[in-house]
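Let me begin by presenting the structure, written as structure tokens, before commenting on it.
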Amino acid sequence: MNNLIPREYDLLASRKVKSGPLLVWAGMDPSRSASLFTALSPSLATSVFTTLSLSLSLSLSHLRRLFSLFEVSEGPMREGIRVLNVAEKPSVAKAVAGILSQGRLRVREGRSRYNKVYEFEHAIRGQRCHMLFTSVTGHLMEIVFHERYKKWHSCDPADLFSAPIQKHVPQDKLDIKRTLEEEARTCQWLVLWLDCDREGENIAFEVVEVCTTANRNLDIWRAHFSALIDREIRHAVQNLGRPNQLFSDAVDARQEIDLRIGASFTRFQTMLLKNAFVLNISDDDKNVIVSYGPCQFPTLGFVVERYWEIQAHEPEEFWTINCSHKTDEGIATFNWTRGHLFDYSCALIIYEMCVEEPTATVKKVSHQERRKYPPHPLSTLELQKRASQYFRMSSEHTMKVAEDLYQAGFISYPRTETDSFSPNTDLQALVREQQGHPEWGSYAQRLLSPEGLWRNPSSGGHDDKAHPPIHPTKFSAGESSWSPDHHRLYELVVRHFLACVSQPAIGAGTTVEIDIAGEVFVASGLMIIEKNYLEVYRFESWGGSTIPTYAFGQQFIPTRLTLDSSVTRPPPLLSESDLLSCMDKAGIGTDATMHDHIKKLLDRFYAIKDSNTRFSPTTLGEALVMGYDCMGWDLWKPNLRSAMESDMKAVSEGRKTKSEVLASCLQQMKDCFLDVKSHKAKLFETMGIFFERSNTPGGDNLHLAGGKVRSCQQCQESEMVLRRRPDGSFMVGCLRFPLCRNVVWLPGAISEALVTEHVCNVCNPEPVFKIQFKFRRMEIPPNFDTEHLGCIGGCDETLRELIQICGTGPRNLSSGSGTRGRQPTQFSGSAQRRNTSQVVCARCRQSGHSSNDCPQISRSQDAQRPGHGNSNSGGADVLCESCQMPCTVRTANTENNRGRRFYKCDRQECNFFIWEDAIGSGNRGASRVNGNRSSVRGGQAGRGRGRRGARSGAATFVTATGEPVSDRRCFSCGDPSHFANVCPNRGM
DNA sequence: GCAAGGTC
């Protein structure tokens, strides 16, 4: 036994530890200390302590007092273990220490002002322990490249895939590191209370590294807990395990991959592009960073993809039969169970059948109880989405406000994936707290009363095992220091919580099914009986609508039976809420970082957010995505991140090793990088479509040809300027590109072009400046001069002929984007337009579209479509009544006329406009309130084929001019002997 | 000057 004493003596004497009740046992092997302590007699102990006191300059009386205290208070002497506990954040350290000490604890400052040290006594499995509880603030370490590779120009970015890296504690974490080192030296155990996820496990190993460097004898333990509630924490401390190296390895791999590919691609892109093009995205383009990241790029990809989808959308007309019935009790709107038909003829035949036999027979009446359930408990993602939807707050701002509320103790930890409460949570106590609130206090009181409003919250099925759902933790009727957004967010958290523990809303639903000439229509009504959670959750509503009473077999004539047309619409731009959902679905980012990735898109000028919180790509964002897409690499898609995530999972489960995943992933990404690098001309080319070349050093010899040629007649907002593309060809394009895509392509044989001051005296509107061209002799026929003063306004036959002879592209057009054996992803929109705009239409001889897309053909085809039969617009231009110039056909995008085409004179002073469907109907210039093409009652002009009128419930046919039709013929075959509903050719 | 992940 005595042989232990010198060891203890050495340990203690060698360290300048602070005094404390368990001082003398610091550094002792806990498995042996018990027997040592038990065997020590008071006299022997006194002797030991005397020696120690001399070495440690402590008073003997102090040591005696400590020893006596033990002897008296503990009976048979038991050893005390000094345990260093480390949590991932200060709040967790405080909460766990509070639970385990039951409030009997001491607090002292650590080296870091945020990370305090709590001290208390606690028994772990009967073992007396002196607990020191402190924290880190997330990751303690970061990985960086070795000094040699840190400067951007220190190496080829490709070298970053293999450059040596090191993990170190950054400057701002050194205080925390010192605290850990100092406390670890005095302890025998280290218990890791990091969050129970992969990142938490990785942070745990960072703590282990720091602590064991200071004290290699530490016994390392891991506490596993899923919520900061008594039972969980007490169970965790009595069932300590060991940290999971595999979880940590997975994070190590992710960190290294993220760093290497992020740094390499970012350096490459930035150095390649920022000096070569006039990006015009910041006051100083020199500071621009064209970053790449495995999360930010797929996030951008979602934005661009939706944008392209909208651009590529072509409205398609469809037809619906709508029916309504008005009685003294109200109106029932019946929906056609076929939904809608794209075939006008079919729709019209069916409609004629209905009008022919318009009596509706009630086939089914059903009554059901309907319930609208309250939302699941609040996760971070839902908080962000709802704050965006209800208050238009950005996800980033939401998290800042939530963090403030959390720091001040009003709400629980705001970064959580969990959307179900632990059964041990005292939810009623949380509700009780809110009883005094002037707005929702009475609802909280009712929740706790026996009236039955209470309901245990549902589970959303997610649990990050680290934090509870976001909920209020402290009552507030509003603090004076709060901004309006603090008020809003606190209110959302409280109301959401109260809603979660409430009964669902209950309604009485009625469904009525009717039959008109064999066609089925359905109407439904809903009457809210009990609002329940909707009373407190004012952000949601439940559209209550009542319908008249119907009985089975009842018959009636519909008040309104109309054949209505509408057009398909493109999806809207992605809202912030949509974007968060896309990211969540694809596993891009975490609950704590998703808003960062969105913000990064804005910071990097890759996307903009409009006032409706909808995102569209900037020119730079679209160009980058298009550039990579043209090269055939899916770097902007979520696949890469998903694959990485899958590999991380494999590492954490032991199916793959960290080194295995690192080697394969980095090799793959390096191959990709080298390929992109070798095809950088492609990226350059795409950028050249969107941006002017820069003359600043660092760019190459391509340059903007420059000079205004004319004002843009398409957007009417900007100018058409002469440009030279990276492939050497010339074009005249609108400065607003890509917002305006007006372009005039020029012959490929041009070697030089210069805008002159000569104004064309033929083309309008003036001025159209002529361009001095120089052609390459070998590329034009001998009868053409190499010098030519030309006009792009449409009068120049020479240019037109040379375009036909030489084409518009560069001399050696590459084979396009599929040159590496891999076809690029097909996408519509801008890229397709770019390709087609390089050809000349064989029909109208205009450049910028192929004969397939020729607007003249489109107009002719339009004339062939149903509904255009009587139109006088077919095939011929509509001329402005004022200036007699051809009008431009456009599509309306207003709420009442969305999708409806009209002709408009481009000359602003004319102000001439006419609906396409009004041409020939005698309704020139008349606008329509709705899209009805035919109606039983009160319809407006039809599409030329005829419209329906009504007399007291009986259907009548009228012509476009309103005259009754007496000699109706079958619509399908034209035979006057029968109607379409009995046409023998029907269905052929 | 670069990533994404923690957290203050």
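The values are calculated or read from the model by the stated rules, or taken from the named source; none is laboratory data. Please read these numbers as outputs of a predicted model, since none were measured by experiment. Because the Cβ atoms are built from the backbone with ideal geometry, glycine has one as well, and the counts that use them run over all protein chains shown. Please note that ligands, DNA and RNA were not included when accessible areas were found on the heavy atoms of the full protein model with its side chains. Shrake-Rupley method; radii C 1.70, N 1.55, O 1.52, S 1.80 Å.
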- Task: Would you confirm whether any residue within region A:663-676 is farther than 21 Å from residue A:263 by Cβ, surrounded by fewer than 19 Cβ atoms within 10 Å (Cβ to Cβ), of a type outside the set (Lys, Arg) and in the same structural domain as residue A:308 (by TED's automatic domain parsing)?
- Result: no
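Which fully enclosed helices (runs of 4 or more DSSP H) of region A:375-485 have 2 or more residues being under 33 Å from the mean Cα position of the chain (by Cα) and within 16 Å of DNA strand B (Cβ to nearest atom)?
Counting at least 2 such residues, we get A:380-391, A:395-407.
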- If we keep just the residues of region A:199-225 that are polar (S, T, N, Q) and either in a helix (DSSP H, G or I) or within 14 Å of DNA strand B (Cβ to nearest atom) (or both), which is nearest to residue A:421 (Cα to Cα)? A:202
- Note on the structure: Scanning region A:606-634 residue by residue, those modelled with pLDDT of 95 or more, under 23 Å from residue A:684 (Cα atoms) and of a type in the set (Phe, Trp, Tyr) turn out to be A:606
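Going through region A:244-260 one residue at a time, which ones are within 7 Å of DNA strand B (Cβ to nearest atom) and crowded, with 20+ Cβ neighbours inside 10 Å? Write out each step before concluding.
First pass over region A:244-260, keeping only residues within 7 Å of DNA strand B (Cβ to nearest atom): A:254-255, A:258-259.
Within region A:244-260, just A:254 meets the criteria.
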- Message: Looking only at region A:626-640, how many residues end up being crowded, with 21+ Cβ neighbours inside 10 Å and among the charged types (D, E, K, R)?
- Response: 1
- Message: Here are the criteria: (1) without any contact (Cβ under 8 Å) to a residue 24 or more places away in the chain; (2) in the same structural domain as residue A:322 (by TED's automatic domain parsing). Tell me which single one residue A:519 does not satisfy.
- Response: (1)
- Item | Residue check for residue A:163: open to solvent by less than 70 Å² (accessible area, probe 1.4 Å), small (Gly, Ala, Ser) and within 16 Å of DNA strand B (Cβ to nearest atom) | yes
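Could you grab me the full set of residues in region A:543-592 that are part of a loop (DSSP other than H, G, I, E, B), away from DNA strand B (no atom under 16 Å from the Cβ) and surrounded by 19 or more Cβ atoms within 10 Å (Cβ to Cβ)? Steps first, please.
Kept after step one, since they are part of a loop (DSSP other than H, G, I, E, B), are these residues of region A:543-592: A:543-544, A:546-554, A:557-559, A:568-573, A:587-592.
Checking the rest, the ones that are also away from DNA strand B (no atom under 16 Å from the Cβ) come to A:543-544, A:546-554, A:557-559, A:568-573.
Scanning region A:543-592 gives A:547, A:550, A:558, A:573.
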- residue A:280: over 23 Å from residue A:645 (Cβ atoms), modelled with pLDDT under 95, within 9 Å of DNA strand B (Cβ to nearest atom) and not small (Gly, Ala, Ser), yes or no? no
- Collect the residues in region A:261-270 that are open to solvent by 10 Å² or more (accessible area, probe 1.4 Å) and more than 6 Å from DNA strand B (Cβ to nearest atom), keeping them in residue-number order. A:268
- Query: Do the conditions hold for residue A:135, that is, is it within 12 Å of DNA strand B (Cβ to nearest atom), under 23 Å from residue A:81 (Cβ atoms) and polar (S, T, N, Q)?
  - Reply: yes
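Evaluate the following for residue A:337: is it farther than 30 Å from residue A:394 by Cβ, assigned by TED's automatic domain parsing to the domain that holds residue A:553 and loosely packed, with under 15 Cβ neighbours inside 10 Å? Give the steps one after another, and end with the answer.
On the way: farther than 30 Å from residue A:394 by Cβ: yes; assigned by TED's automatic domain parsing to the domain that holds residue A:553: yes; loosely packed, with under 15 Cβ neighbours inside 10 Å: yes.
Considered against the rule, which asks whether it is farther than 30 Å from residue A:394 by Cβ, assigned by TED's automatic domain parsing to the domain that holds residue A:553 and loosely packed, with under 15 Cβ neighbours inside 10 Å, residue A:337 comes out as yes.
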- Can you name every residue in region A:489-518 that is buried (at least 18 other Cβ atoms within 10 Å of the Cβ), among the acidic types (Asp, Glu) and in a strand (DSSP E or B)? A:513
- Task: Being crowded, with 20+ Cβ neighbours inside 10 Å and within 15 Å of DNA strand B (Cβ to nearest atom) is the filter here, so list the residues in region A:170-197 that pass it.
- Result: A:173, A:176, A:177, A:179, A:180, A:192, A:193, A:194, A:195, A:196
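Going by the structure shown, is residue A:691 more than 16 Å from DNA strand B (Cβ to nearest atom), modelled with pLDDT under 95 and either outside the structural domain of residue A:201 (by TED's automatic domain parsing) or open to solvent by less than 30 Å² (accessible area, probe 1.4 Å) (or both)?
So residue A:691 fits the description; yes.
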